[in-house]
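Reviewing the structure listed below.
The values are calculated or read from the model by the stated rules, or taken from the named source; none is laboratory data. For clarity, every value in this text was computed on a predicted model and none was experimentally measured. For neighbour counting, all protein chains shown are included, and Cβ atoms are generated from backbone atoms with ideal geometry for every residue, glycine included.
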Ligand SMILES: Cc1ncc(COP(=O)(O)O)c(C=O)c1O
């Protein structure tokens, strides 16, 4: 019904673009938009969220264990008691009490920091964007693990930075490969602006930088005059007891640390932070002002209340146990079902496993067939900027239940087995049209 009478309501339609004005818009885009492309993960979301598909694709935290009633009560009290502040503009630096509490959170990873050096952001993604905006001119080089986090690659691309990947092994970023990459880039006369690294429970690699490598990586960067950006949203989600020491705890001058409440509390609140030396922090505050004036006061104050009224460390333990159980279910299912020739990482925390299929398998081309078999993953190429990753895929164990993980891995193993059979027979997999649910058409990430 329409609001004016009995006419059936016509939902608002998105504006149709004629071919002519689409071209006109595109011609007017700034050059930097060439580096902005939709990620494969986004393209996948619609298909992977159908109930019949077991999605091992998305990296959504499992929020089912949060005490929603008591958080709801706290939010209501916050607005009733302190609404004039919570619903008002705040400073671009962030709510002072929360910045103090963030220092307590980081202390768990050995970091000593002053609240003034913390800048609160709308998720660590915003921190990544701001850091890149501050440091990168077009053509500047950023070193990043290969593979690396899609959202970071997106930000780097948006500022026309060039990404040079550095290889990892089971112990994380390889110091020798880092030295070689630095020498090679410098030989080409290009400027390296920073090393972007995810030392703990890597997304998508599922790998952790070995403690003995940490000082080496810091030393190499310091010697070469390269800043280190440590992105650590999963650091407190380890499955084996004590958290790893943050790189920032070993070098306060040359490391900028990005943190987040997305995985340890609630991703929808969009609260993260950057811990940076003064000269960088001042620019961060100005950058935040120009982007959003200030991060949302309400969600910062919700996080602050949560930290002071709830057993947040106990809640993190609950998350750790849940994710450990899910990791175990995925490891057991991979062991049981995966065909000979597939290998995968064994994460000791976080959300992700990185699987490598045998030569000849193209995980991007295989994805529509997997979705037809009601299982989804993210193919590896989206995590690189150099076309690598065609035999790889990211599997996440954070969101599906253990039963669904087991079933998803079983389905995936069937798809891979069939694919490998075709590779053996034809040397390559013939392309065919896919019946059943429309497969996603992942655009290049
Ligand atoms: C490595 C990494 N960095 C940053 C982010 C962004 O997190 P936030 O929700 O704090 O923006 C993610 C989210 O998945 C991530 O995996």
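The residues of segment 105-120 that are free of Cβ contacts under 8 Å to residues at least 60 places away in the same chain, farther than 23 Å from residue 82 by Cα and not in a loop (DSSP other than H, G, I, E, B) amount to a single one, 107.
Residue by residue, here is whether (1) crowded, with 21+ Cβ neighbours inside 10 Å; (2) closer than 16 Å to residue 234 by Cα; (3) more than 16 Å from the ligand (Cβ to nearest atom) holds:
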residue	(1), (2), (3)
297	no, no, yes
300	yes, no, no
320	no, yes, yes
323	yes, yes, no
350	yes, yes, no
353	yes, yes, no
356	no, no, yes
362	no, no, yes
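When you look at residue 164, is it away from the ligand (no atom under 16 Å from the Cβ), crowded, with 18+ Cβ neighbours inside 10 Å and in a strand (DSSP E or B), yes or no? So residue 164 passes the test.
Each row is one residue, and each column tells you yes or no for (1) under 22 Å from the mean Cα position of the chain (by Cα); (2) more than 30 Å from residue 264 (Cα to Cα).
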position: 348; (1), (2): yes, no
position: 352; (1), (2): yes, no
position: 360; (1), (2): no, yes
position: 365; (1), (2): no, yes
position: 374; (1), (2): no, no
position: 382; (1), (2): yes, no
position: 391; (1), (2): yes, yes
position: 416; (1), (2): no, yes
position: 422; (1), (2): no, yes
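If you go through segment 184-212 and keep only what is away from the ligand (no atom under 16 Å from the Cβ) and out of contact with any helix residue (DSSP H, G or I) (no Cβ under 6 Å at 6 or more places or on another chain), you end up with 184, 185, 186, 187, 188, 189, 190, 191, 210, 211, 212.
Based on this model, can you work out whether residue 228 counts as within 13 Å of the ligand (Cβ to nearest atom) and either surrounded by 19 or more Cβ atoms within 10 Å (Cβ to Cβ) or more than 21 Å from the chain's Cα centre (by Cα) (or both)? No.
Checking 265, 239 one by one, the residue that is within 11 Å of the ligand (Cβ to nearest atom) and either assigned by TED's automatic domain parsing to the domain that holds residue 114 or at pLDDT 95 or above (or both) is 265 and no other. Counting only residues that are farther than 22 Å from residue 61 by Cβ and touching a strand residue (DSSP E or B) at 6+ places or on another chain (Cβ under 8 Å), segment 335-361 holds 5 of them. Residues of segment 106-122 that are surrounded by fewer than 23 Cβ atoms within 10 Å (Cβ to Cβ) and within 14 Å of the ligand (Cβ to nearest atom): 122 alone.
Residue selection: residue 218 fails the criterion of being within 19 Å of residue 166 (Cα to Cα), within 15 Å of the ligand (Cβ to nearest atom) and under 23 Å from the mean Cα position of the chain (by Cα).
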